[in-house]
Amino acid sequence: MAKFMQWLSVEKQLHFANYETLWTWSTDETALFWAYVSQYFDVHFYTSPTQILNDAPMPHTKWFDGATLNYAERVFQGRNNLKPALQFYDETQILRSYSWQELERQVALVADFLRKQGVEEGNRVVAYLPNVPEAVIAFLAAASLGAIWSSCSPDFGVQSVVERFQQIEPKVLFATTSYQYNGKYFDRTPAVVEIAAALPTLNTVVLVNGSLSVNELPVVGWQEIMDTDSQSALTFRAVAFQHPLYVLYSSGTTGVPKAIVHGHGGICLEHLKYLSFHNDLRAGETFFWYSTTGWMMWNFSVSALMLGATLLLYDGSPSYPDAGILWQLAQRLPIHHFGTSAPYLMACQKNGLHFAPNALPNLRSINSTGSPLPPEVFDYVYEHIKPDVCLASMSGGTDICTAWVGANPLLPVYRGRIQARCLGCAMQSWDEMGNAVVDEVGEMVVVKPMPSMPVAFWNDPQQQKYLASYFEMYPHVWRHGDWLKIYANGSLEILGRSDATLNRHGIRIGTAEIYRVIDGIEGIKDSLIVNLELSGGKHFMPLFVVLQAGVELDNDLKNSVNLSLKTAYSPRYIPDQIIQAPDIPHTISGKKLEAPVKKILMGMDTQKAANLGSMRNPAALDFFVDWRKNHTELLCQG
């Protein structure tokens, strides 16, 4: 980021004293900022833009009108001889490396194969694959042709995959017949057969391992493609800036997942900006994020290649054969930028993982997303992992396939907070009257467009789904659905979903505030809280907890929970009951299902309250159904 500021000073005569003034300029002069980002990174346009940004309000904004480029070409622009392009490690504990030359060769072979299958610009190519090199290779091959990519990981159930892929009518499916997790083998052959049979537009299935037959469909092995005697060089089709690159999906907790379309140009510019300026990623460094192909962080991670970094892929459990496996990789390879989630770091803390201060000399940043990072985890990382690492809590989403807010190498790390709003992100916290507030909790809104906002929702020609998702409350202003507190020094906290807020007797309580306290209590493994509005103006706020093995929900533990919440916040945060549950329901991506649980407790049928295909553990809802049946009198009191 400092280099960018220097470049602006020398090349554009723009001088900024600090990050605050740079951020203000980047959001005031939106079009100019993104134009300069494209120049700074030397993004290759086949045809130049006639206009950077039109005058239409969100979501009708058009970026870089007239410009053509290709995301995959920008990936290979990062090619260098410093380190491998890809490295792959799984539970077999065998490391595989791919040079840039080998990566390009394999991408060219797959692109040539797809071309022979009739795949053209705009056709869809999908994958049911774990986090393996073949997924990256197939994605880049599809992108090079202007085809549209979409992927799900093999832990997704058949229904959830079909609900996603049927919408976009794919032509080719890349799949695996098995995967390994936590030392166990999972056969996915029947699932692949079902998925392929449910996609009538398919003309080919490519298997990265195993064998199967699907009706009349040709089935091709990955190795067959690699053994092809093809001399075709890798070429790139020039596509419009907003041409679809890939389709991601909403969590689909209450219905069919919405198919969110992201474009070549917006993803290219946004990922270059965040990874370089905010993550401080440099050529030759190793970038790692523990992810699956069904999470947007997989798509985000691939973009590390654009900066000439080595992308490390890991497939398997983060705690097999032991809880330290990923940190051992960080020491061995080494890893310079380690990406994970708050629950993983909390698990490391509870497992007592500890390293000497100089045990990870090459580790420069630890990045966490998915949920807020509790203050205690900041303490743990700096005391037990590495004292001088940049610990970055970040937040974004599938909606923009990046982070709105996150790391900043120019600023201090604030315990329990996110460092700053990212460049180009005009985020504000709004009160009930629509006024921007500081040092107060408000609705998270973004008042200026960003190029990685969706170019469209699939099958949404009138943009009805798009408008309903983000612009229903405030016309032409993006409402993200989170509670946000921006502090005077620019740091911030995200306090949970505003649509899952506990509105108790007129007092708004963010669920993330509750979980932050509960996560720090010894003996509690997971938790979920809802507030039920009963008749007669009454409220009932139960806290459901999953306990560590051998722990009992006795009065001492209940008193500890209540006292902790009262001390951290106020007596209004104390639940009406603390109830032990066997499991907490989560989406496949790890989000707690607060709204569906609330609906079930209020009497809604499970099938209507939640989309079971989007869940990691749908059986967890059974407990809440039974609890409702056994406590009908309590829940119907008035």
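The values are calculated or read from the model by the stated rules, or taken from the named source; none is laboratory data. All values derive from a computational prediction rather than experimental measurement. Because the Cβ atoms are built from the backbone with ideal geometry, glycine has one as well, and the counts that use them run over all protein chains shown. Note: accessible area is taken over every heavy atom of the protein model, side chains too, but ligands, DNA and RNA are not part of it. Shrake-Rupley method; radii C 1.70, N 1.55, O 1.52, S 1.80 Å.
Rank-order 125-134, 237-246 by packing density, defined as the average count of other C-beta atoms within 10 Å over each peptide's residues, highest first.
125-134, 237-246
In Å², what does the accessible area per residue of the chain work out to with a 1.4 Å probe?
39 Å²
Calculated from DSSP H runs of 4 or more alone, at -39500 (n - 2.57) each and per residue, what is the 222 nm mean residue ellipticity of the chain, nearest 500?
The helix contribution divided over the chain gives -8500 deg cm²/dmol.
Sorted by average packing, counted as other Cβ atoms within 10 angstrom per residue and highest first, what order do 471-481, 436-446 take?
Descending mean neighbour count gives 436-446, 471-481.
Sorting check: for 604-615, 167-178, which peptide has the highest mean count of neighbouring beta carbons within 10 Å, and how do the rest follow?
167-178, 604-615
Quick check on the chain: what does the Kirkwood estimate of hydrodynamic radius come out to from the alpha carbon pairs, in Å?
Result for the chain stands at 25.6 Å.
Just how many % of Cα pairs in the range 212-294 lie over 22 Å apart, if you round to the nearest whole percent?
When every Cα pair of the range 212-294 is considered, 62 percent fall beyond 22 Å.
Taking one equal scatterer on every alpha-carbon of the range 365-438, how large is log10 of I(q)/I(0) by Debye at q = 0.23 1/Å?
Summing over Cα pairs of the range 365-438 leads to -1.08.
Which of the DSSP-defined H helices in the chain satisfy a minimum axial length of 18 Å, computed from C-alpha atoms, and a minimum mean Kyte-Doolittle hydropathy of 1.0?
133-145
Leaving out same-chain residues fewer than 8 places away, which aspartates and glutamates sit with a Cα under 19 Å from that of K448?
Once the sequence-local aspartates and glutamates are set aside, what remains near K448 is E20, D28, E29, D55, D65, E270, D399, D431, E472, D482.
Treat each spin label as a single point 7 Å out from the Cα along the C-beta direction, and report the T47 to D28 distance in nm.
3.5 nm
7 Å from Cα along Cα→Cβ at both N18 and A356: what's the point-to-point distance in nm?
Taking the two extended label points, one gets 3.9 nm.
Find the Cα radius of gyration of the range 214-257, compare it with 2.2 N^0.38 Å by division, and give the number to two decimals.
1.94
Students often get this wrong, so check it: of K83/K386; K566/K608; K3/K591; K62/K599; K465/K629, which have C-alpha atoms separated by over 27 Å?
Too far apart for the 27 Å limit: K566/K608; K3/K591; K62/K599; K465/K629.
Keeping every protein chain in place, order D576, D55, D227 by accessible area at 1.4 Å, biggest value first, i.e. largest first.
D55, D227, D576
Which number do you get for Rg(Cα) / (2.2 N^0.38 Å) in the range 328-466?
Scaled against compact globular proteins, the figure is 1.25.
Give the carbon-plus-sulfur fraction of the accessible surface of the range 321-405 in %, rounded to a whole number; probe 1.4 Å, heavy atoms of protein chains only.
51 percent
Excluding same-chain residues fewer than 8 positions from K171, which lysines have a Cα within less than 22 Å of its Cα?
Straight-distance partners of K171: K116, K258.
Per 5 Å bin from zero, what fraction in whole % of the C-alpha pairs of the range 109-230 is there, up to the bin with the longest pair?
Spelled out per bin, shortest first, that is 2, 12, 24, 26, 22, 10, 3, 1, 0.
Tell me the label-point distance for the pair H384, R96, using the 7 Å Cα-to-Cβ offset, in nm and rounded to one decimal.
Spacing of the two 7 Å Cα→Cβ label points: 3.5 nm.
Would you work out the relative contact order for the chain, in percent, from Cα pairs under 8 angstrom that are 6 or more residues apart?
Here the relative contact order equals 12 percent.
Among DSSP beta bridges lying fully in the chain, give the percent that are antiparallel, nearest 5.
DSSP beta bridges in the chain are roughly 55 percent antiparallel.
Mind jotting down the distance between the C-alpha centroids of the range 154-232 and the range 112-147, whole Å?
13 Å
If you wrap a convex hull around the Cα atoms of the range 2-117, how much volume per residue is inside, in Å³?
Given the Cα convex hull of the range 2-117, per-residue volume reads 227 Å³.
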